[in-house]
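Below: the structure, in structure tokens.
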Amino acid sequence: MFRKPIFAVIVVSIVLLVYCVLLNTNAPRSISYFIFSVSPFLILWLAYTILRFGVYEGKDLDEEEWGYQDKTKDELWVL
């Protein structure tokens with residue numbers, strides 16, 4: 001469960017949404033302060049989970065491809 005990037009994205013997104021709602025309501029500020037203090041650890045967990053266990057399912061670049069799928073290297077004004 002903790003190794004699935006989608007789980008980490010959903011949890012961190014819900015916590016962010018709850019934090020934003022708490023800031024705009026008359027909820028106790030202690031809950032908002034707690035979420036604010038925990039948020040750096042949640043972001044680190046999210047980044048680690050995505051980098052460690054995430055799988056890229058897109059097309060791999062050929063040796064001569066530039067890196068953009070919608071433009072060629074000549075269209076980007078690269079010297």
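Please treat every number below as a calculation from the coordinates, not as lab data. Values in this document were obtained by computation on a predicted structure and should not be read as measured data. Backbone-built Cβ (ideal geometry, glycine too); neighbour counts: all protein chains shown.
Worth a mention:
- If R0 equals 35 Å, the separation of the Cβ atoms of LYS59 and ILE14 corresponds to a calculated FRET efficiency of about 0.65.
- Peptides 44-53, 20-29 ranked from most to least packed give 44-53, 20-29, packing being the mean of other C-beta atoms within 10 angstrom over each peptide's residues.
- The length gained on full extension between ARG52 and SER37, counted as 0.36 nm times the residue separation minus their Cα-Cα distance, comes to 3.0 nm.
- Net charge of Cβ neighbours under 11 Å - reference THR49; Lys, Arg +1; Asp, Glu -1: +3
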